[in-house]
Amino acid sequence: MIIGLTGGIASGKSTVSALFVREGAALVDADIIAREVMLPGHPVLAAAVQAFGERILRPDGTLDRAGLGEIVFRDPEALQTLNHLTHPAIRKEIKERMNALEQDDPQRLVIVDIPLLYESELDTLFEQIIVVYVPRRVQLARLMERSGMTLEQAEDRIAAQMDIELKRRRATYVIDNSGGLEATEHQVAALLDRLER
Ligand code: ADP
């Protein structure tokens, strides 16, 4: 069984994914795939260099992530160009990996962690989606604590994503991660029980 997992920035996606893995699930991590397509030698990185120039590379030929971030942050058209280059490759890789894992062991739960699942319209890949939810004030506090961002920076990052309340409403299953880790562990165990029936 394949289930998509998402949430907002710092809502606890990695934390909850790790709990599923601890219980035996396989994990596909979209963040890792997104990095892989920008590694030296990958055709997606080559296409990005074609589009934006050598200035997006560091002297050693690896991606200057911060530099590229600066370019697309200021320029919505550039961001769209970048997304057109990267998204199809990321989507294809996600599909291939999750399907291979399911075929390998049809009994095994496959969790696919995609931070921008709804924003990137990848919800169409899944029949079931888990949203890891915390209210916005908890999200803000955890984001600031984890990253050292100022309140304003953290608010900007959260505002750039789809409202977490909207994601919660679209979910098949909601894991409320606003309590302690133990409360979240209980919800994961309960959901696994429900899925096994
Ligand atoms: P995401 O993957 O959604 O960005 P993380 O799983 O990295 O979120 O969690 C964001 C931050 O909040 C991390 O610093 C993490 O340790 C912390 N955190 C996650 N879940 C809880 C929880 N239930 N209670 C307290 N802190 C938590």
Handout entry: Hey, Val131 touching a helix residue (DSSP H, G or I) at 6+ places or on another chain (Cβ under 7 Å), at pLDDT 95 or above and either away from the ligand (no atom under 15 Å from the Cβ) or farther than 20 Å from Asp29 by Cβ (or both) or not
Key = no
Completion exercise
Listed by first then second residue, the pairs whose first member lies in the stretch 177-197 and is over 23 Å from Leu143 (Cα atoms) and more than 10 Å from the ligand (Cβ to nearest atom), whose partner is assigned to a helix (DSSP H, G or I) and aromatic (Phe, Trp, Tyr), with beta carbons under 8 Å and at least 6 positions apart or on separate chains, are Leu192/Phe20
Handout entry: Unique match (being within 16 Å of the ligand (Cβ to nearest atom), surrounded by 13 or more Cβ atoms within 10 Å (Cβ to Cβ) and farther than 22 Å from Leu101 by Cβ) among Ile33, Ile56, Ile71, Ile9
Key = Ile9
Fill in the blank from the handout: Residues in the stretch 22-59 that are assigned to a helix (DSSP H, G or I), in contact (Cβ under 8 Å) with a residue 60 or more places away in the chain and not aliphatic (A, V, I, L, M) total 1
Problem - Matching option when the condition is part of a helix (DSSP H, G or I), among the small types (Gly, Ala, Ser) and surrounded by fewer than 12 Cβ atoms within 10 Å (Cβ to Cβ), among Ala100, Ala66 - result: Ala66
Practice task
Evaluate the stretch 152-166: report whether one residue or more is under 19 Å from the mean Cα position of the chain (by Cα), modelled with pLDDT of 95 or more, surrounded by 13 or more Cβ atoms within 10 Å (Cβ to Cβ) and within 9 Å of the ligand (Cβ to nearest atom).
Solution key: no
Exercise for the section: Inspect all residues belonging to the stretch 10-21 and state whether any of them is free of Cβ contacts under 8 Å to residues at least 24 places away in the same chain and within 24 Å of Ala160 (Cα to Cα). Expected result: no
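Inside the stretch 129-141, can you point out the residues that are surrounded by fewer than 21 Cβ atoms within 10 Å (Cβ to Cβ) and either part of a loop (DSSP other than H, G, I, E, B) or not aliphatic (A, V, I, L, M) (or both)? Spell out the reasoning first.
Keep residues of the stretch 129-141 that are surrounded by fewer than 21 Cβ atoms within 10 Å (Cβ to Cβ), which gives 135-138, 140-141.
Passing the criteria: Pro135, Arg136, Arg137.
When you scan the stretch 112-128, how many residues do you find that are away from the ligand (no atom under 15 Å from the Cβ), among the hydroxyl-bearing types (Ser, Thr, Tyr) and either part of a loop (DSSP other than H, G, I, E, B) or touching a Leu at 6+ places or on another chain (Cβ under 9 Å) (or both)? So that I can check it myself, show each step before the final result.
Here is the first cut: in the stretch 112-128, the ones away from the ligand (no atom under 15 Å from the Cβ) are 120-128.
Then keep just the ones that are among the hydroxyl-bearing types (Ser, Thr, Tyr); that gives 120, 124.
Checking which are either part of a loop (DSSP other than H, G, I, E, B) or touching a Leu at 6+ places or on another chain (Cβ under 9 Å) (or both) leaves us with 120.
Residues meeting the conditions: 1.
The values are calculated or read from the model by the stated rules, or taken from the named source; none is laboratory data. The shown structure was predicted, so the numbers you read here are calculated from the model rather than taken from an experiment. No Cβ is skipped: glycine too gets one built from the backbone with ideal geometry, and neighbour counts run over all protein chains shown.
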